[in-house]
Amino acid sequence: MKKNKLKALGLALTAATVLVSTSATAQLSPMGTHSYNNGTNGTMQTNTVVSIFAASANTNGAIVQSCSETIWGTTWGLNTLVIASPTQPTPFVTGNIVLFSVLVPPISSATLSHPVYIPAGNGLWGYTTGSGSIYCNYDFLN
């Protein structure tokens, strides 16, 4: 009797392991077939909105697979932003869709924790008020 219970428990654990492995594999996301890299070591142009990808290129929606941004310095209020918008945005205006931002102090870098969908017709824009950088990988949907 004890041997049958152990055997059944072993089969259940094997099935659970296969189920977990299968579902984890199904949820993997690619790193992105397109990439954007601006401002290596904080050399991104300051106080200028830059295009990560144009709204005209995003005809069916896009998935930002990964994105990181950094701001170097200790001056209070320095900021780096990533914004989704159908036209070139004016930073810090109400109504902007800000994916995420970093502000000094206390945060000097941040990374998206999961992929983000950008609706069709919206571009992705970057902006920094100091020595910032933005790195993104993304895919356009078909």
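Laboratory data are not the source of any read-out in this text; all were calculated from the coordinates shown. For clarity, every value in this text was computed on a predicted model and none was experimentally measured. Quick reminder, even Gly has a Cβ in these numbers, built from the backbone with ideal geometry, and neighbours come from all protein chains shown.
Per-residue extension of 0.36 nm, minus the Cα-Cα distance of residue 34 and residue 76, leaves a gain of 11.8 nm for this segment.
A full extension of the chain between residue 43 and residue 97 corresponds to an added length of 17.0 nm, given 0.36 nm per residue minus the alpha carbon distance. Between the alpha-carbon centres of the stretch 32-60 and the stretch 106-142 there is a gap of 8 Å. For residue 58, the residues 5 or more places off, or on other chains, whose built amide H falls under 5 Å of its own are 121. For residue 52, what charge total do you get from the other residues with a beta carbon under 15 Å from its beta carbon, if Lys and Arg give +1 and Asp and Glu give -1? Here the count lands on -2.
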